[in-house]
Structures are given as C-alpha cells and as structure tokens.
Amino acid sequence: MVSIAVAPVAVGLTRRAGSWRLTSALLLVLLATSFSLIGLIDGLGWWFLMLFVGSLILVAGTVLRTLGVPRVLIPLIEVAILAVILTLGFGRGTGFLGIIPTTGTFERFGALGDLARTSIYDQGTPAPPLIEFMFLIVLGTGVLAILLDTLAITLKLPGWAGLALVPVLVVPAVLFTGGVSPAALAVCAAAFLFLLRSDARQRHQATPRLAASFAIGAASIVVALVIAVTAPGFDRGGATSFSASGISIGGTVTPLIDLGRDLRRPAAVHVLSYTSTAPAPQYLKLTSLDRFTGTVWKHRERAMNRLPAADTIGHALGLSTAVATKKFETTVHIDSMNSRWLPVPFPVTSVSGLSGTWAWDPADLTIGAVDTNAAGQNYKATSLLISPTIAQLKDDTGLVPASLISDLFVPNDLPAIITQTAVQATVGATSKYEKAVALQDYFRLSDFQYSVDTPLEQGYGGDGMAVIATFLEAKSGYCVHFASAMAIMARTLGIPSRVSIGYLPGASSPGAFGSSAVYNVTSDDLHAWPELYFAGVGWVPFEPTVGRGLIPSYTRPDSALTLPTNPTGSATTQSSRPLVPVDPTTTATSSSGRGQTAIQPVVSGVGGGLLVAALLLAPAFLRRWRRRTRLRQLRDEWGGATIAWSELRDTARDFGWYVSDTETPRAFAARVGDILSDLNRLDALDRLLLAVERESFGPPGRFHARGVADDLELVLAGLEEQAGRIGRLKAVVIPASLVPSAWLPSSETRAANA
Amino acid sequence: MNSYPTRQPTDSSVAPTEDSDEMGLDELRRAAEGIITNVESVIDGKHDAVQTALTVLLAEGHLLIEDVPGVGKTMLAKSLAKSVDCTVSRIQFTPDLLPSDVTGVSVYNQAERRFEFKPGAVFANIVIGDEINRASPKTQSALLECMEERQVTVDGTTYRLTSPFIVVATQNPIEMEGTYALPEAQRDRFMARIAMGYPDDASELAMLNTRDTSSPLSRIGPVVSASQLRAMMTTARAVFASAPVKQYAVDLVRATREDRDLRLGASPRATLQLVRAAKARAALDGRDFVLPDDIDALAVAVLGHRLLPTSRALGHHHESAPVIEEIVLRIVGATPVPVGTVGR
C-alpha cells in the first residue's frame, strides 16, 4: 500500500535521479553530436576518445553534484579535470608530476593548436588521426561537455545548451562539401529534444511527453532521410563544390576531391551559361593548384592585386610577343556556383561587370573574390587565344624562371613508379615539348580508362602521390588523376607544371550556332587538367584525360600549325559535349566506396540505422510510456482501479494471452490467479479485482481503492515471472497490447464465466 | 386422480403483508446458507440447482424445474418450501384439474346466506405445481395469471395473494400423451428454468444409504421465517445494479433477439428478471452491487426457457434445452463486458 508519509523522501530521490537523467540526456546529445563529425578523421578512435572524455566530465559533474559540492565550483573542477586529461594525453611530460599543466604544457598546447590549424588546411577529409586532431577533439569535447553540463544542469538552461552545439556542427558544415548531413542534424535535434524533455520531467515530475519527444525525434529523422534521398542536390549542397573555401581566397581544403565528388553527383546541376566570340570552345578556368605537398594539390597563397577600376589584368607570365594571340570575349552568367573563383578562359586580360570586390593573382591570372562570391555574377571576360607553333614550343631554352622553381617541386619520397613511368613514356623525346606530348599520348593512347568510380572502389580517390602511383598501376581514374599524374610526371622531367581546375566548354543550346551560341555548363563539366610551362610561350594547357576535353592543336604534330580551329571537330555543334557521360547506374555504386566520400554513406548509414532502431524500438517505448503514465496516474490519486486493470490486461496480452473484452474481470482474474503462486501476489490480485469491480459496477462514490499501483506491480511481477525470458523479450519488443483488441480477429467465444 | 391442494397450517395469513425491514447482507448470507444446508441435506450433489433455486426465491421469481421423472424435482421444491416457515401448497396437475381448484371458488353459505370465497391452492407463500404440463391449458393459464398479477379475481372480487408468493413448478420435458406443453407466453412468466440433472455416482450412492429407510423430508424443518424471507427479498431488491451492468443485460437480451440460431428472442420482461435475479445472486454472494458475472451465471437459467431455436439450430436434437444453453453461452461469450467505461 502506498503511504503519503514517504512522499518527501521519494521526491528527494527523484530529484537526485533527475540529475542523472539530465546527465544521460546530455551524454545522448554528445553522442548525437559526434555523429555529425563522422568522416572528418579516419578510423573511430577519435569517436571513442570523444565519448570517453565527454562522459568522464559529465559523470564527474553529476557525482560532484550528488556529493553536495557547491554549484559554482563544479565547472571549475571540470575544467581542472579537462586540464589534467590534456596534460596527461598531450603534455609530453611537461606537466608537473605529469598531470598538472605548467607553462611548458601550455606552450606545447599552443604548438599543437598551430599545428592543427595548418593540418586542417593541409588534410582532406577524412584526415589521418594525427595527434593535433586528437588534441582538438579532446579539447573540444571537454569544453563542450563542460558547457553542456554548466548550462543544462548548473544554470538550468538546457535550451541554451543547444547554442553550445552550434560550433561543433559548424565544423562539418565548413569542411564537408555538402555541409552537415540532415540525418546527423536530425539526430542532434532529437537528442536535444530529449534533453529538454528530461529537464521538464525533472522539474515538474509530470507531463509525460516521452513518447511525444521520441515521435518528434523519429519523425525528424524520417523527414531528414526522405529529404536526403529525394533531393541529392540539397544533400551535397548544390553545385557548391567550392563552398568549403571560406578560409581564404583560393584556399579550399581539398578542391580536387570536391571536384571528384561533384563529378559523381547523380544529377548534373546547371552551373553557368556563356556566349563566346572565340572561334573554338574554350575551357573556363577557375584556378590553378600549383603547390604539391605530396598528399594534395593546393593553390599557393600569394598576394593578390585588387581588380582596378579599368578591370584590366596584367600580362600572362612568360608569353612572348612572338606567339600569335587573338582576343576574344566571353560573356558569362553564373547560375548556381558558390565558388570564390571566377571561371574565365585563360589567360584573361580583363573582366568587367563584376559586382563586389575581386582580385587577380599575377602568377596564374586566377580571379578570386575578396568579399563576395561567384554566385549570380554576370560579367564579360576578355581573354587571349594563344596559338603557339610547335617550333616556338620546342624552342624552350631549358631555363626556368626563378619564380617557377617551386613549380618543379617533387617530394623526396615520390614513389618510384611515377618517375619510372615518366621516363619510359618519354623515351625518344628530346625537347621538353616532345616529352610533354609524349606524356599526354601516354595517357591518351595507351590503355587508360576514364572512370569516376574505380578509384573510389579501389580506395585511391584523391590526388596525393600515393594515389597517383596506384592510378598508374590501375590505369583507371578520372580527370583529377590524369591531370595530377601528368603534372607530377612533368615535374620529374624538369617541366614546371600545375593542375588547373575549371569547366569544360559545355554544350551549346540546341539550334544556336556561331558566336551567338549560348553554352550551358553543368557540374558534369567540372574538369582538371595540367598546365606546363614553356619558356617564351608561358603556361600551356594539356589534356591527358582519356575521352574528355579537347586535345590542344599544338600537341598534335601532324596538324601542327597555327590556329587550333575546332580541335575536336564538333565542339560548336549542339552535341558538342566531348565527354564520357557519367553513368548514373555506376554513380550509385560510388556510395559504397571507401575513402573520402565514405562520409555521406556513413552518416546516412548511421541515420538509417537510427531510423530502423527508432522504428523497432518505438513500440517498446510507447508501451513503456503507457505503463508509466498509468502507474503515475495511479500513484497520484486514489482509485483508478480500472486503469490498473487495463494495464494488467495489456500486460497479459503482451505475454501472448488472449484477453477478450467479453471477459468479466472476475473470469480474467481467475485465469491470472491460476498462474500466480505467491500468496502476496494472489492477495494483491484479489484486492485489485475487488477494486475494479467496485469501481466499475459498485455504487458510485462509496469506494476508492488505495495502493492500487503497488498491487498492480505485484501482480505484474507475477505475470512477468511466469512468462519466461523469451516471452518477456517479446513483450518488450513487440507489445501486442498496442494493437486495440477490437482490431484482432475475434477468436472462438470464450468459455462462459458461469 | 384429483389431487387437491394441501395446505400447511402454519402462519396462514391470506392478507397481504407489508415489506419487512431490510436485513444486512451478512445476515442474509447466513440465512441463505442455512436454507442451502437444509435443502442439500435432502438433495445430494445439486449445489448449482439449489443455488439458482434460492436465487430465484430471493428475487421473488417463479421457478420452473424441468427434468425427467425421478431426479428430485419435487424434492427440491418441497425442501425449499419446507425450509421457510411459511404457507406452502402443492398442486398435482392433472388433465382434469379445474381452474377453480387453483384459484379458489365462491360457495354459497346457507347458514350465513351469502357467497363465501374458498381460496384455492395459490393462496400460499410457496406454491408447488407438480407436472404443470399435464394440466389443461385452461387450468395452466389460471395459475399463470396469478403468477404474473399476484392476485385472483373470482366472481368480480379481487383477492390479493400473499407475499411472498412464489410458484415452483415442475414439468417433464419428454412429451407424453396427455400433456400440454406450456406456451411461450406462459413460460415467460417463470423467472428461471433449471434442470436437475442426474446425480453423480457418489451422490446417488449416498442417497441410497440415507433414503432407504425414511423420507428425508420429514427430518427437515423451517430455518427462516416468512418475515425473514421477506426481509431477505427486500435486501436483495436493494442491491445496486450499475448502469454498465444494466446495459450489459440489455445487450445480452438484445443479442438473443438478433441471433441467427434463435427463432424467438427474450422479452423485455426477461431483461427485468435477469437483473432482478442477478441482484439476488449478488446478495447471496454478500455483495451490494451486481457484477456482470452474476448476469452471466444466470443467463442460461433466466433466458433459456424463453428462447426458441430455429429448426436448423435444433437439428436432430430431440430436446431444445441443451441447444439453447449452447446458444446462450455463445451469446454471453460474445457480448463485451463494460469495464471502466463508467465509474471514473
């Protein structure tokens, strides 16, 4: 029987339990947040580290609270714990006694932070689990945990705890091309809702909204997944393959990987359209990646010149007046592209019509935004059509300008296959030009294959030297591989090189010809190609990628001379897109690939798993919620025997009983009594029966059962005990009582109660 | 052979009596147990039948005991009557029994030079009608009118019957020559019909041992007075029947009217008597409110004799009672019990 006297004790206990409940909710939030970071760092070590640190601090906070430590001290103690963890883990013995941070420790931390900053810039996603990243993870998790704990529990402002999550969610939003996956966001949202609800529960000890929260959480996961599946453009952030370049002009973390990802986009997105006065279609160059670190091609940071009022741009480097040039104009309208770089034909001499502040790079004539973005720009670019003769190209004196020394950089540990292949491919070539042509022919004329998926399937998506080595063996890849391979091979042969990224000329609109033709460029036209430097001519593009792009006329000795009119013969016609179409069926398989693009599958896999788990567990949650609601109702006031009876019947149904509503309470009680062996439980059942009969059929107002909840729990325990392990599991996972009995096929008539 | 009514010469008040005061449920239970013990000392192994019979008695209903000869129908009726200290009359129905034998007759008293009413057999608290289906329809209906109206009108004068007034009739279900089966309308007057059934071996053996020498009926005497019985009835009538239970009774009775296996369903009077009987049963159980279980337990007894099965449902059965019992149990099993719909 319940007694009112014990109530204060119970309240005290629940308040304490409430703190633990909030802590668990916070842990869930932390867990959910960690999902959004999956794919940033290789492996799962960081994830366990994150959970370990987070739970350590959160649990410590709650333990301190339970011990009665003053609230003000708790965050300070937590900070101290974090400092100890950091010193232990990253101090390299600089700490006093190894655990107390000293000045040296903080210097070491500062160094790690700097290292982390540069490494973030250097590494693509997923980054290798470097120590500086682990440091960031531990530090970030610790700070987040302390913030969450302080806001949600100490200051009782769980709503503000959501703010603490935002910086964490921004990280993947910046580093992943598509931003945070909606599924991960939904999980975070669900966890956050759960936190709010736990808080409400703790304060009011009422308002059962558990199921509602779960329903909301599950629903948001479902909605997010549906959106992710039905709107690939949204998932990957539209044609914003360079949206990650928020760090600086020309600085994106992994432009070439982003490029590959965009090429694998299931549905091409319209990027821009242009008209051109050039006699032949021209590539639209965004920027050049001229710094090779061994693992990645990057744009080198240089001082940029603001575009002056006249919008004129300096002279192309190394271009002598002897080379025949012809000016042409390209009028571009950018539809959907968030690049910091402006797509223009190379070399550009002037740009007009831009809005916002733009600057140009004197080394490669890249035009980058200072305070704006390429999206929605309408502009007219004047470029030069360079038509060097083969003689001019061959005339390369072999002297490389000092400013281009870095464009010859080759890592010391370059795989031997790259050097060997370069030498083998250029046997017999004497001049640099011949070597370059030989390299291009090596790619185009031997058995290389174009595939956007093979590298992923075999685990070498990217542009590092290890990737290039693998590519040379596998002989299958896409433009990034061809371009970076040729560029690095050219460097081994002494030819300055860089990788350019931009767009293929695209396809002209049907029915339009000549200079008035409007070309439409989509995300499928994203391309990378090498540019090699020849003294007297300057930077000259090559096209090693099999089946894509236009082979420059000056690389074909047979048609060697002068104007490269219509190099592939069909580029100005409406079917001019000289591409190997991306097979939509194979793009689907890329989702199962490894490496960088495994982020999305992992996240959606986690989301899908959570969805499945949520759906599987939803009945269990609903059933538990119903029981808890009923028990709470029973404890809140006297009476309610019919509620208890419903719970008893539902539980019996969960255990596989047939419980018909044509059965009188007495008849049902007799059946229950048959399986109860314990006398206490039998007595409880009798009291329960009496109560429900009195309540349902007795004279009104004369009877209020007391202690119904306790009796009910006794009887339920008896039922559970009898059900067996499998029966109990079944009752938890697939509670039959959630289906109204009226929906069930009515069985044979029950035995009469008589 | 004419069998004239016999009267027990105790407490022969013909005049109607006022309802006695209520008695407590515990007292009622004790008294009822006394009656049951008394009756069961002469009838072995028929607890259910005795229980139902007493229930009907408490509900002031009329009881029809239907079974083959020799299973103790009359013994039950007689022992029940004997347990109560009240007037009992017994009518042996025969084809030549006249209505006036039942109701009474006005005879001319020459000494006083006026007509004088000689009360018939029905002027008793408990009237035992043996083999009621052997009487002519005219006589049957004379009795049945008394049962419903609880009064007798002879030569323009109305005489009220005693209270309590209970008819316990027996009849043989197997049709024989010279019997007149009770029409449905008249069967409806009985609150309940029970069957005795054959006793089990042990009971039959025990009966041989105890009854061989003397009539057991002679050994038992009244255990409750008429006023006590009236108090018990009053208490039973005061038992609370909640709206859900009443609704349940209505649902049940309506279901008999809609059942495909029944040619004739139960009447509204059946509903009334079902609830009344259920109250009595609850009182016997020591409860002051009716449970659906009471309704269920009495459904066959109270509804059974009012129903007519279709010939399809009857099939090759000679007797309808078992068929009807099956149907009623099926209906009971298919009618939802209202738990928790009212009350909170």
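Structural remarks
- The numbered conditions (1) part of a loop (DSSP other than H, G, I, E, B); (2) away from chain A (no Cβ under 14 Å) are all true for B:Val253 except (1).
- A single entry from A:Leu445, A:Leu408 fulfils the requirement of being closer than 27 Å to A:His299 by Cβ and surrounded by fewer than 18 Cβ atoms within 10 Å (Cβ to Cβ): A:Leu408.
- Subset of the stretch A:685-711 (residues that are more than 14 Å from chain B (Cβ to nearest Cβ), within 56 Å of the chain's Cα centre (by Cα) and under 17 Å from A:Arg649 (Cα atoms)): A:Leu685, A:Ala709, A:Asp710, A:Asp711
- Within the stretch A:1-108, helices (runs of 4 or more DSSP H) holding 3 or more residues that are of a type in the set (A, V, I, L, M), more than 22 Å from A:Ala184 (Cα to Cα) and at pLDDT below 80: A:7-36
- Scanning the stretch A:284-303 for residues that are of a type in the set (Ser, Thr, Tyr) and either assigned to a loop (DSSP other than H, G, I, E, B) or touching a Gly at 6+ places or on another chain (Cβ under 8 Å) (or both) turns up A:Thr287, A:Thr293, A:Thr295.
- Figure legend. Inter-residue proximity from the stretch B:41-70: first residues farther than 23 Å from B:Leu182 by Cβ and in contact (Cβ under 8 Å) with a residue 12 or more places away in the chain, second residues polar (S, T, N, Q) and surrounded by fewer than 23 Cβ atoms within 10 Å (Cβ to Cβ), beta-carbon distance below 7 Å, spacing 6+ or different chains. Indicated pairs: B:Val42/B:Ser79; B:Ile43/B:Ser79; B:Asp44/B:Ser203; B:Gly45/B:Ser203.
- When each of B:Ser267, B:Ser218 is tested for being polar (S, T, N, Q), touching a helix residue (DSSP H, G or I) at 6+ places or on another chain (Cβ under 9 Å) and over 26 Å from A:Glu693 (Cα atoms), the lone residue that passes is B:Ser267.
- Here A:Thr330 meets each of (1) under 25 Å from A:Ala535 (Cβ atoms); (2) over 32 Å from the mean Cα position of the chain (by Cα) with one exception, condition (1).
- For the stretch A:390-421, a tally of residues being part of a loop (DSSP other than H, G, I, E, B) and either outside the structural domain of A:Leu317 (by TED's automatic domain parsing) or over 20 Å from A:His315 (Cβ atoms) (or both) returns 8.
- Residue count for the stretch B:314-329, restricted to those that are within 12 Å of B:Thr256 (Cα to Cα), out of contact with any helix residue (DSSP H, G or I) (no Cβ under 6 Å at 6 or more places or on another chain) and touching a residue at least 60 places away in the same chain (Cβ under 8 Å): 1.
Matching residues to (1) modelled with pLDDT of 85 or more; (2) surrounded by 19 or more Cβ atoms within 10 Å (Cβ to Cβ); (3) assigned by TED's automatic domain parsing to the domain that holds A:Leu185:
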{"site": "A:Ser119", "(1), (2), (3)": "no, no, yes"}
{"site": "A:Leu130", "(1), (2), (3)": "no, no, yes"}
{"site": "A:Val138", "(1), (2), (3)": "yes, yes, yes"}
{"site": "A:Ile146", "(1), (2), (3)": "yes, yes, yes"}
{"site": "A:Asp149", "(1), (2), (3)": "yes, yes, yes"}
{"site": "A:Thr154", "(1), (2), (3)": "no, no, yes"}
{"site": "A:Leu163", "(1), (2), (3)": "no, no, yes"}
{"site": "A:Val168", "(1), (2), (3)": "no, yes, yes"}
{"site": "A:Val171", "(1), (2), (3)": "no, no, yes"}
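- Residue that is farthest from the other protein chains (Cβ to nearest Cβ), among those in the stretch A:604-651 that are small (Gly, Ala, Ser) and crowded, with 17+ Cβ neighbours inside 10 Å: A:Ser604
- Qualifying positions in the stretch B:236-250 - without any contact (Cβ under 8 Å) to a residue 40 or more places away in the chain and away from chain A (no Cβ under 14 Å): B:Val250
- Subset tally (residues that are in contact with a Gly (Cβ under 8 Å, 6 or more places away or on another chain) and outside any helix (DSSP H, G or I)) for the stretch B:27-55: 2
- Subset of the stretch B:263-317 (residues that are part of a loop (DSSP other than H, G, I, E, B), at the interface with chain A (Cβ under 9 Å from one of its Cβ atoms) and surrounded by fewer than 24 Cβ atoms within 10 Å (Cβ to Cβ)): B:Arg287, B:Asp288
- Selection count where residues are assigned to a helix (DSSP H, G or I) and within 13 Å of chain B (Cβ to nearest Cβ), scope the stretch A:652-677: 6
- Of A:Ala723, A:Ala742, all but one fail to be modelled with pLDDT under 85, in contact with a Phe, Trp or Tyr (Cβ under 7 Å, 6 or more places away or on another chain) and of a type outside the set (D, E, K, R); the exception is A:Ala723.
- Within the stretch B:318-337, being assigned to a helix (DSSP H, G or I) and facing another protein chain (nearest Cβ under 7 Å) holds for B:Leu329, B:Arg330, B:Val332, B:Gly333, B:Ala334.
The values are calculated or read from the model by the stated rules, or taken from the named source; none is laboratory data. Predicted model, so just to flag it, every value in this text is computed and none were measured. No Cβ is skipped: glycine too gets one built from the backbone with ideal geometry, and neighbour counts run over all protein chains shown.
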